[in-house]
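Down below is the structure, laid out as structure tokens.
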């Protein structure tokens, strides 16, 4: 004998299906949370070693700094002598597709050592080129001296060549780098 199609039966059936699906989703979240956190930590450590000079010892614990109401996660890296140091700054800005997070290595002299995209939501094939470490766009930030040049795209009167057809992403990336450099100029680790 089939169950009658009543509002009560439909609500009970739908509630049961929702509870089972919610339990499955919750279980998957609990099972994957720790491996995802480990993978994110490993990716951050790999990125840190790429944005500070070779041979520098990078602090494991981040230091948090605030500038203009924004909180930045910073990692200090120490060279062979006390005068040799760099700082890796996690800088996030809004790009064309959403949040763009860049890890920027700034030397003690205030120069950009290197920058690496940690996460983005930019358009594949266009703005996503900002995450290609071998591209001309990314390479022009390596060794960039903001005391000599402007961290703005050429379209805005600066010295950064934008990614073709991705001016908004290029501006966002340059702003993320500029914010990291500005933070290190204003902040001392004494």
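The values are calculated or read from the model by the stated rules, or taken from the named source; none is laboratory data. Keep in mind that what you see is a predicted model, and the values were worked out from it rather than measured. Backbone-built Cβ (ideal geometry, glycine too); neighbour counts: all protein chains shown.
Just the residues that are surrounded by 11 or more Cβ atoms within 10 Å (Cβ to Cβ) and farther than 19 Å from residue 112 by Cβ, please, taken from the stretch 42-56. Working first, answer last.
Step one: list which residues in the stretch 42-56 are surrounded by 11 or more Cβ atoms within 10 Å (Cβ to Cβ), which gives 43-45, 47-53, 56.
Listed by number, the residues that qualify are 43, 45.
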Subject >> Number of the exception - residue 105 against (1) in contact (Cβ under 8 Å) with a residue 60 or more places away in the chain; (2) closer than 16 Å to residue 182 by Cβ >> reply: (1)
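Within the stretch 87-103, is even one residue on the phi < 0 side of the Ramachandran plot, in a loop (DSSP other than H, G, I, E, B) and loosely packed, with under 13 Cβ neighbours inside 10 Å?
Taking the stretch 87-103 first, the residues on the phi < 0 side of the Ramachandran plot are 87-97, 99-103.
In the following step, the residues that additionally are in a loop (DSSP other than H, G, I, E, B) were identified as 95-97.
Now drop any that are not loosely packed, with under 13 Cβ neighbours inside 10 Å, which leaves none.
Within the stretch 87-103 (the criterion being on the phi < 0 side of the Ramachandran plot, in a loop (DSSP other than H, G, I, E, B) and loosely packed, with under 13 Cβ neighbours inside 10 Å), the answer is no, since none of the residues qualifies.
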Original post:
Which ones in the stretch 131-147 are over 18 Å from residue 165 (Cα atoms), touching a residue at least 24 places away in the same chain (Cβ under 8 Å) and loosely packed, with under 12 Cβ neighbours inside 10 Å?
Top reply: 143, 147
**OP:** Read through the list (1) at pLDDT below 95; (2) part of a helix (DSSP H, G or I); (3) closer than 21 Å to residue 88 by Cα, then give the number of the only condition that residue 134 fails.
**Re:** (2)
Original post:
If you take the residues in the stretch 112-127 that are more than 13 Å from residue 176 (Cα to Cα) and surrounded by 18 or more Cβ atoms within 10 Å (Cβ to Cβ), which one is modelled with the highest pLDDT?
Top reply: 113
**OP:** Just one of (1) surrounded by fewer than 22 Cβ atoms within 10 Å (Cβ to Cβ); (2) assigned to a loop (DSSP other than H, G, I, E, B); (3) free of Cβ contacts under 8 Å to residues at least 40 places away in the same chain trips up residue 171, so point out which.
**Re:** (2)
